[in-house]
1. Does segment 84-91 include one or more residues that are within 27 Å of the chain's Cα centre (by Cα), surrounded by 14 or more Cβ atoms within 10 Å (Cβ to Cβ) and either within 18 Å of residue 147 (Cα to Cα) or modelled with pLDDT of 90 or more (or both)?
2. Any chance you could count how many residues in segment 80-103 are closer than 21 Å to residue 6 by Cα and in a helix (DSSP H, G or I)?
3. Give me the residue from segment 1-30 that is touching a helix residue (DSSP H, G or I) at 6+ places or on another chain (Cβ under 9 Å) and not in a helix (DSSP H, G or I) and, out of that set, surrounded by the fewest Cβ atoms within 10 Å (Cβ to Cβ).
4. If residue 142 passes every condition in (1) at pLDDT 80 or above; (2) over 23 Å from the mean Cα position of the chain (by Cα) but one, which one does it miss?
5. May I ask you to list the residues in segment 105-116 that are at pLDDT below 90 and surrounded by 19 or more Cβ atoms within 10 Å (Cβ to Cβ)?
6. Give the residue that is surrounded by the fewest Cβ atoms within 10 Å (Cβ to Cβ), with candidates limited to residues of segment 135-150 that are in contact with a helix residue (DSSP H, G or I) (Cβ under 7 Å, 6 or more places away or on another chain) and over 20 Å from residue 88 (Cβ atoms).
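The values are calculated or read from the model by the stated rules, or taken from the named source; none is laboratory data. Keep in mind it's a predicted model, so treat the numbers as computed, not measured. Positions of Cβ are backbone-derived with ideal geometry, glycine not excepted, and every protein chain shown enters the neighbour counts.
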């Protein structure tokens, strides 16, 4: 019992919904699914005999498949609650979703194709009782739980999108290259002296006294 409680606490809300749906599906199998009506021509007996039958009293392929789905989903969720690691094709959500759809299809088929029942060698008329509709509702709830589990798995496995960066339509021109500086070579002192002496020569000749 302690393991069941701890496993239940470890489940996600979607998994708890699936567990409740599969448990309800199992419980509905004890409810009246069919009604048997037979006309008996025997002394001291009621001519019309009627009784309700649950899924286990008319156990065929359909009822066996519904029972297998309910037990398998419960075991799957119990194993997940105990942190057991194993991979299923498509993930747990896809398996639960497919199980619910399969069960719903079988129950809808059973609404039109009722099982043949004989009572004391006399063929009986079989009708549908209210219990099978509860089973159909539990199957629909199982489909909804599987769909929510799939949505949760896709959200977890989705990679976060990178932040949007606004880029201008027209690329900006490249930055202008700064003008290169022309380095001036310093003039040597000898060259400066030669230039000055060359320029001053006429003035000195004019100022010099004449020999006459």
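1. Our first condition is that a residue be within 27 Å of the chain's Cα centre (by Cα); within segment 84-91, this holds for 84-91.
Still in the running and surrounded by 14 or more Cβ atoms within 10 Å (Cβ to Cβ): 91.
Narrowing further to those that are either within 18 Å of residue 147 (Cα to Cα) or modelled with pLDDT of 90 or more (or both): 91.
Yes, that holds for at least one residue.
2. Looking only at segment 80-103, we keep the residues that are closer than 21 Å to residue 6 by Cα, and these are 80-86, 92.
Adding the requirement that they be in a helix (DSSP H, G or I) leaves 80-81, 92.
The qualifying residues number 3.
3. Taking segment 1-30 first, the residues touching a helix residue (DSSP H, G or I) at 6+ places or on another chain (Cβ under 9 Å) are 3-4, 6-30.
Adding the requirement that they be not in a helix (DSSP H, G or I) leaves 11-12, 29-30.
Values: 11: 16, 12: 14, 29: 20, 30: 12.
Restricting to residues being touching a helix residue (DSSP H, G or I) at 6+ places or on another chain (Cβ under 9 Å) and not in a helix (DSSP H, G or I), the top hit is 30.
4. (2)
5. Scanning segment 105-116 gives a single hit, 110.
6. Filtering segment 135-150 for residues in contact with a helix residue (DSSP H, G or I) (Cβ under 7 Å, 6 or more places away or on another chain) gives 135-136, 138-143, 145-150.
Filter again for over 20 Å from residue 88 (Cβ atoms), leaving 135-136, 138, 140-141.
Numbers: 135: 26, 136: 19, 138: 26, 140: 16, 141: 18.
Going through the qualifying residues, I end up with 140.
Here's the yes/no breakdown for (1) under 27 Å from the mean Cα position of the chain (by Cα); (2) free of Cβ contacts under 8 Å to residues at least 40 places away in the same chain; (3) surrounded by 18 or more Cβ atoms within 10 Å (Cβ to Cβ); (4) more than 22 Å from residue 35 (Cβ to Cβ):
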{"residue": "60", "(1), (2), (3), (4)": "no, no, no, no"}
{"residue": "71", "(1), (2), (3), (4)": "yes, no, no, yes"}
{"residue": "80", "(1), (2), (3), (4)": "yes, no, yes, yes"}
{"residue": "100", "(1), (2), (3), (4)": "yes, no, yes, yes"}
